[in-house]
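Just so it is clear, none of the values below were taken in a lab; they were calculated from the coordinates. Worth saying up front: this structure is predicted, and the values here are computed from it rather than measured. Cβ atoms come from the backbone with ideal geometry, glycine included; neighbour counts cover every protein chain shown.
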Amino acid sequence: MTDINASQRHKLKAFVKKIGEYRGRHTELVSVYIPAGYDLNKIISHLSEEQGTATNIKSKGTRDNVIASLEKMIQHLRLYPKTPEHGLAVFAGNVAQREGQQDYKVWSLEPPTPLNQRLYRCDKEFVLDPLRKMAEDKNIYGLVVMDKREANIAFLKGKTIIPLTQSTSAVPGKSRAGGQSAQRFERLREGAAIEFYKRIAEHMKSNFLDRITELKGIIVGGPGRTKQDFVEGGYITDQIKQKIIALKDLSYTGEFGLQELLEKSEDVLASEDIMEEKRAMQAFFEKLSKQADLVAYGETQVMEALKMGAADTLLISESLEEKKIEEFEKQAEMMKTEVKIISTETREGTQLKDMGKVGAILRYKIE
C-alpha cells in the first residue's frame, strides 16, 4: 500500500477520532465501505434491500433508526455520479444523545489510498479499523545505541521512538584492581565485552527478527569504535545484519543517545516525515534567532500574517483544536501558503506547542 503524507494522515486520524466517539444504543450505526472501481449503483440497490430486511427488526426504536439511517445514506450516495477514485467510506446513524430523540447524520470519506474491501455492517459503533490501519505510519526503523557500558534498542515508528530494551554490561572500568597484571585485566575486560556484545545481538534478534520484513533498516550508533567492533565482530545474525544501513558516531548513549542518533541520521531518514518536520521547525527557529521579524507565532499573530498574505510556511501543531486547524488551513489555501502539520512527538514539536501551537515563516517583514 502506498504510504500517505503527514497532512493526509492527520486528517484521517481526526476523522476517525470524530466519528469514533459516537455510540448507538443497539446495533443501529451503519458503516459501508465501497472499494475503488466498484459500481455505486449496486451499493445503492443493496442498501435499499437492507431497508426491506430491517423491517423485520423486533425493536421499534432500532428498526426505525436503521431504516432512517439507510435512507439518509442512500440519498447521500445519489449525490456522487460514480465511486470516487480511491473508493468511499460512508457512515450514518442516529447520534442523538437522549433516547427517543432523532439526530440522523451521514459522513463520507474518500480515503487517501484505494480501499480494497467491501463492507456493510450495523453495529453499536462505526467500523473504523480499516481507516485506523490506513492512518498508521508504515515506516519502521530499528535503532541501537551502545558502548561497552550500556545499550538501548528501540523502534522508530513514524515520528515516535519506541524503547524496547535497555542493557548494562559487566565490563570493568579502565582502572584495574591492585595486584592484577595489565594483560590479565585487559583479558577480563575483553571477555566481558564479548559477552555483552552477544547479549545485545540476542536482544536485537528477539526484537527485530519477527518484524524483519517491515523494517526499512537498522541504524547503530555510539561513541568511539565500540559499534564497529560489535557490527563487524560476527555477533549479529545475518538476516538482521543485512538490515543495518548506517553507523553513526554519537556523544551519548541511553535516551539522549537515541535522540542524538535520530538527529545524526538525517541523511538516512531524509525522505521520512519526521525529518521534513524537523527541517521545517529548524528553519523557523533559525529565523526566530537571527531575523525575528520574519516569523510569527501564536494564533492571533499568525492569522493576521496569513490574511495579509505575508506567511510563506504555516506550521500547525497537531494538538491545536481541529476546528481551528481547518480555519488556518482554509486561510492558507486562499493565500497559497504551504502548510505543515507538526506532531508533538519531537522536541521541536513540543516547543511549537508551548509557543501557542501555531507558527509561520514570513515572506516579508510586517510593519
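For the reader, a short list of remarks on this structure follows.
- As a length-normalised measure over Cα pairs under 8 Å and 6 or more apart, the relative contact order of segment 37-144 settles at 22 percent.
- Over 22 Å between alpha carbons, listed pairs 133/336; 307/365; 11/243; 13/72: 133/336; 11/243; 13/72
- Computed from the Cβ-Cβ distance with R0 of 35 Å, the FRET efficiency linking residue 266 to residue 136 stands at 0.90.
- Residue-wise HN-Hα couplings along segment 105-110, as the Karplus relation 6.51 cos²θ - 1.76 cosθ + 1.60 with θ = phi - 60° gives them from phi, are 10, 9, 10, 9, 9, 8 Hz; Gly and Pro carry x.
- Amide hydrogen neighbours beyond the local backbone of residue 26, cut-off 5 Å, H modeled: none
- Summing charges over all other residues whose Cβ lies under 12 Å from the Cβ of residue 141, with Lys and Arg as +1 and Asp and Glu as -1, gives +3.
- Shape of segment 104-143 from the C-alpha gyration tensor: prolate (a/c of 1.5 or more and a/b above b/c, with a ≥ b ≥ c the square roots of its eigenvalues).
- Potential lengthening between residue 25 and residue 242 on full extension [0.36 nm per residue; Cα-Cα distance subtracted]: 72.8 nm
- Selected from 323, 159, 336 as most flexible by GNM, with the chain as the system and alpha-carbon contacts under 10 Å: 323
- Helix-only [θ]222 nm of the chain, DSSP H runs n ≥ 4, -39500 (n - 2.57) each, per residue, nearest 500: -13000 deg cm²/dmol
- Entries in 82/323; 216/278; 287/357; 216/287; 264/324 that, when Cα-Cα distance is taken, lie over 27 Å: 82/323; 216/287; 264/324
- Debye, to nearest 20: dipole size of segment 6-135, +1 on Lys, Arg Cβ, -1 on Asp, Glu Cβ: 360
- Relative contact order (percent, whole number), the chain, Cα cutoff 8 Å, 6+ residue spacing: 14
- Three-way shape call for segment 206-330 based on the alpha-carbon gyration tensor, with the a/c threshold at 1.5: prolate
- In terms of packing, defined here as the mean over residues of other Cβ atoms within 10 angstrom, the peptides 213-222, 244-253, 161-170, 147-156 line up highest first as 147-156, 213-222, 244-253, 161-170.
- Within the chain, DSSP assigns beta bridges of which about 70% are antiparallel (rounded to the nearest 5).
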